[in-house]
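Data first, discussion second: the structure below is written as structure tokens.
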Amino acid sequence: PNDTPLLTVDGIEATYNHAIVALHGVSLTVRQGEIRALLGANGAGKTTTLKAVSNLLPAERGKVTAGRIRFDGHDVARTGPADLVRLGLAQVLEGRHCFRSLSVEENLVTGGLGRGSGRADIARDLDRVYALFPRLRDKRATAAGLASGGEQQMTAIGRALMSRPRLLVLDEPSMGLAPLVVQGIFRALVALNRAEGLSILVAEQNSTIALRHAHRATVLENGAAVLEGSAAELRARDDIKTFYLGEG
Ligand code: ATP
């Protein structure tokens, strides 16, 4: 990673339905080429933070009420979600969200459409995803709804990669998956980061796996960022799981 910030979240507050305060003071930076983990117990505000980053809160009757988010010099509040994807910010939502009746490959192709890619570009990008996740090549004609949980998560990540992001945002990629599958997914993310310098922001309840693969991490508690540091620093503090992550 270098020191240039790609994403800056600066003191944001957020509410749902003009009432529930979900965030009250979240700041974090993702630098170019960095893998940043966002940790926190259930309900700490990870998903809300990630949705704010992609300007997806309005679709949920949510709103950022204070603070500011900038992606690569753009004010996120003034940029629609689809424009953010075109600018290079792609998000894999919690729970994978594949189109269940479309094949794995059709799911992947949908990720390249917003960019207006031609046939040759799409073929090249598919090859890139299949090189990263060889299993998906074998399953490419299978309906995504019939694929395993791990294959669906890989499909959702692959679909995001089809938009050629510079920042990939993932909401709990480990959810519901076996440890070996989770490890495979994190290894693929690290490989992409090393090979292409792809910057990654990943929210995880599984702090062990996240801290093993990220460069730095931010810890959320009750809607506020309470701690941040290098993954090595946070790994060395055994109070974190008990105090902040509800893993006691
Ligand atoms: P999880 O791991 O369960 O996704 P999280 O850390 O991602 O937890 P959020 O989902 O961001 O936390 O939730 C933060 C707070 O906002 C919680 O109090 C939650 O109940 C509330 N909240 C989340 N989504 C909504 C919504 N769509 N409408 C109203 N309140 C919401």
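The values are calculated or read from the model by the stated rules, or taken from the named source; none is laboratory data. Everything numeric in this text was worked out from a predicted model, so none of it was measured. Every residue, glycine among them, receives a Cβ derived from its backbone with ideal geometry; neighbour counts consider all protein chains shown. Calculation scope for accessible area: heavy atoms of the full protein, side chains included, ligands and nucleic acids excluded. Shrake-Rupley method; radii C 1.70, N 1.55, O 1.52, S 1.80 Å.
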Right, Thr8: away from the ligand (no atom under 12 Å from the Cβ), modelled with pLDDT under 95, within 24 Å of Glu228 (Cα to Cα) and β-branched (Val, Ile, Thr) or not?
no
Residue among Leu50, Leu93, Leu57 that alone is touching a residue at least 24 places away in the same chain (Cβ under 8 Å), within 16 Å of the chain's Cα centre (by Cα) and more than 28 Å from Ser148 (Cα to Cα)
Leu57
The lone condition Ile12 fails out of (1) open to solvent by less than 60 Å² (accessible area, probe 1.4 Å); (2) part of a loop (DSSP other than H, G, I, E, B) is (2)
Conditions (1) free of Cβ contacts under 8 Å to residues at least 40 places away in the same chain; (2) among the polar types (S, T, N, Q); (3) open to solvent by less than 50 Å² (accessible area, probe 1.4 Å): number failed by Ser148:
(3)
Matching residues in the range 212-233 - criterion: being in contact (Cβ under 8 Å) with a residue 60 or more places away in the chain and open to solvent by 40 Å² or more (accessible area, probe 1.4 Å):
His215, Arg216, Glu221, Asn222, Glu228
Do we find a residue being at positive phi and small (Gly, Ala, Ser) anywhere in the range 156-174?
no
Inspect the range 178-194 for any residue being open to solvent by 30 Å² or more (accessible area, probe 1.4 Å), outside any strand (DSSP E or B) and within 20 Å of Ala52 (Cβ to Cβ) and give the result as yes or no.
no
Does Ala203 meet the test of being open to solvent by less than 10 Å² (accessible area, probe 1.4 Å), away from the ligand (no atom under 13 Å from the Cβ) and either of a type in the set (Asp, Glu) or not in a helix (DSSP H, G or I) (or both)?
no
